[in-house]
Amino acid sequence: MSQQDTPAPGTVGTPLDPAFFDCVNQYLELTNKHAQQHGLKRTSIAALYAAARFNAHVYLSVEGDAAAARSEFLDYMTTLYRRMLNEHLDGLGQERNIAVGESELAAEYAALQAAQAAAANADKPE
């Protein structure tokens, strides 16, 4: 598995600390080891279950009024996961030359490319 060391497509322009990717890669190494022993699907469910448990722990540790903000937290986390999953489907599909269907982020990618092209043209001398 290749090392993830650049931001996902939807986060381009938002620099992340390299330690973030070190942490991600350590989790991926562990899940790859587990997948060899337990299989891909079981390991995927275990990773999702663990992530949900940890995120619930973090939420309860930092949220002052957990009951009042619960719905907002669930919506935020669901949207965040869907976005990350879209980004990785897009990136891995492109990297592996696998058709993954149209991205839910296609309009965002197009807007980002247009902004980058406009910035590049603005930097050119006339």
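Just so you know, all these numbers are worked out from the coordinates, no wet-lab data involved. Keep in mind that this is a model prediction, so the values were computed, not measured. We place every Cβ from the backbone using ideal geometry, glycine too, and count neighbours over all the protein chains shown.
Quick notes
- Over the chain, relative contact order from alpha-carbon pairs under 8 Å, at least 6 apart, %: 26
- Extending 7 Å from the Cα toward the beta-carbon at both GLU95 and ARG83 defines two label points whose distance is 2.0 nm.
- The length gained by stretching the chain between LEU30 and TYR76 to full extension, at 0.36 nm per residue less their Cα-Cα distance, is 13.9 nm.
- Note, ³J(HN,Hα) from phi for region 20-29, Karplus 6.51, -1.76, 1.60, rounded to Hz, x at Gly and Pro: 4, 6, 4, 5, 4, 5, 5, 5, 5, 4
- Helix 40-62 and the long axis of the chain differ in direction by around 90°, with both axes built from C-alpha atoms.
- For region 113-120, 3J(HN,Hα) computed residue by residue from phi via the Karplus equation (6.51, -1.76, 1.60; θ = phi - 60°) reads 5, 5, 5, 5, 5, 5, 5, 5 Hz, glycine and proline entered as x.
- Over all other residues within a Cβ to Cβ distance under 12 Å of TYR59, the charged ones net out to -1, with Lys and Arg as +1 and Asp and Glu as -1.
- Rounded if a/c under 1.5, otherwise prolate or oblate - region 14-62, Cα gyration tensor axes: oblate
- Based on DSSP H segments of at least four residues, each scored -39500 (n - 2.57), the chain has a per-residue ellipticity at 222 nm of -25500 deg cm²/dmol.
- With 0.36 nm allotted per residue and the present C-alpha distance subtracted, the ASP22-VAL62 stretch has 11.9 nm of extension available.
- Other residues whose C-beta falls under 14 angstrom from the C-beta of THR79 contribute a net charge of -3, scoring Lys and Arg +1 and Asp and Glu -1.
- Helix 66-95 and the longest principal axis of the Cα set of the chain meet at an angle near 60°.
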